[in-house]
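Take a look at the structure below.
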Amino acid sequence: MSHHRLALQNLHFAYPGEEAVLKGVSFEIRHGESVAIVGANGAGKTTLLMHLNGVLLAGQGEVTVGDLKVGARTLAQVRKTVGTVFQDSEDQLFMPTVLDDVAFGPLNAGMEEADCKIRAQACLEQVGAWHLRDRPPHHLSGGEKRRVAIAAVLAMSPGILLLDEPTTGLDPKGRRQIIDLLKGFEHSKIVVSHDLEMVLDLCPRVIVLCEGRVAADGPAERLLGDAALMDGSGLEVPARLKPCPACGK
């Protein structure tokens, strides 16, 4: 499906009065891929993510979703395809109840109220959060908020999911639940994260950013296990890929 394709071509961007944050970034993500974007603080990850859903527009180069070039005239269409789960779930949850929050997007897109509630129920059940439907979102735990935020994005039926640090701030059980949940989605997924162990569980492909450029793009285990690449990009090899100190394997 071409509308699930996302591509960047020679993307440059600088905030006003500052040096360039992105310096010629190019890559393509195809239908059904799960791809992680990793890098040290300041590498440009969040700025890049904000270009993928049109929060920021390219200073030079272009971003395309399907056959649409992302720009002011195409934002409404792009955002029907690209759904974003932000790092802080509270940025997305603001209605009196969980059910209201998940139904909000489809309702404002013109769907009939009864159909919105049916869709909201299906999405909450999909993420294992239907039992929370009558709870105020601000009373939920971090993991529960993350589930509800994901359900609210799914209610808009996107083809591509963008996830910014989806496991940040979660306890080990909540972290594992979110990883298992995301594994089950057939959407194209782009994950920005410092949690490289989670990346290994979820994303077969990794794009390494370093100082605003793509330092490497390829299989997750190979790139994340490359000590020289990780060190040069301000990262560390995940524990499971490090050699055993006793036997060296």
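State whether the residues of the stretch 144-151 include one that is buried (at least 22 other Cβ atoms within 10 Å of the Cβ), over 15 Å from the mean Cα position of the chain (by Cα), within 23 Å of Gly66 (Cα to Cα) and in contact (Cβ under 8 Å) with a residue 40 or more places away in the chain.
no
For the stretch 176-190: of the residues being within 27 Å of Gly24 (Cβ to Cβ) and either in contact with an Asp or Glu (Cβ under 8 Å, 6 or more places away or on another chain) or surrounded by fewer than 17 Cβ atoms within 10 Å (Cβ to Cβ) (or both), which is modelled with the lowest pLDDT?
Selected residue: Ser188.
A quick yes/no check of all residues on (1) touching a His at 6+ places or on another chain (Cβ under 9 Å); (2) crowded, with 19+ Cβ neighbours inside 10 Å; (3) within 24 Å of Phe86 (Cα to Cα); (4) touching a residue at least 40 places away in the same chain (Cβ under 8 Å):
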residue	(1), (2), (3), (4)
Gly174	no, no, yes, no
His194	no, no, yes, yes
Pro204	no, no, yes, yes
Leu209	no, yes, yes, yes
Gly218	no, no, no, no
Leu223	no, yes, no, no
Asp226	no, no, no, no
Lys242	no, no, no, no
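If a residue has to be assigned to a loop (DSSP other than H, G, I, E, B) and either of a type in the set (Gly, Ala, Ser) or over 17 Å from Val214 (Cα atoms) (or both) to count, how many in the stretch 30-56 make the cut?
13
Select from the stretch 57-111 the residues that are more than 18 Å from Thr46 (Cα to Cα), part of a loop (DSSP other than H, G, I, E, B) and among the aromatic types (Phe, Trp, Tyr) and list them in ascending order.
Selection gives Phe94 alone.
Can you find, within the stretch 77-116, the residue that is surrounded by the most Cβ atoms within 10 Å (Cβ to Cβ) among those that are touching a residue at least 60 places away in the same chain (Cβ under 8 Å) and touching a strand residue (DSSP E or B) at 6+ places or on another chain (Cβ under 6 Å)?
Val82
Within the stretch 117-131, track down each residue that is crowded, with 22+ Cβ neighbours inside 10 Å and part of a helix (DSSP H, G or I).
Ala120, Cys123, Leu124
The values are calculated or read from the model by the stated rules, or taken from the named source; none is laboratory data. Everything numeric in this text was worked out from a predicted model, so none of it was measured. Here the Cβ is made from the backbone with ideal geometry for all residues, glycine too, and neighbour counts use every protein chain on show.
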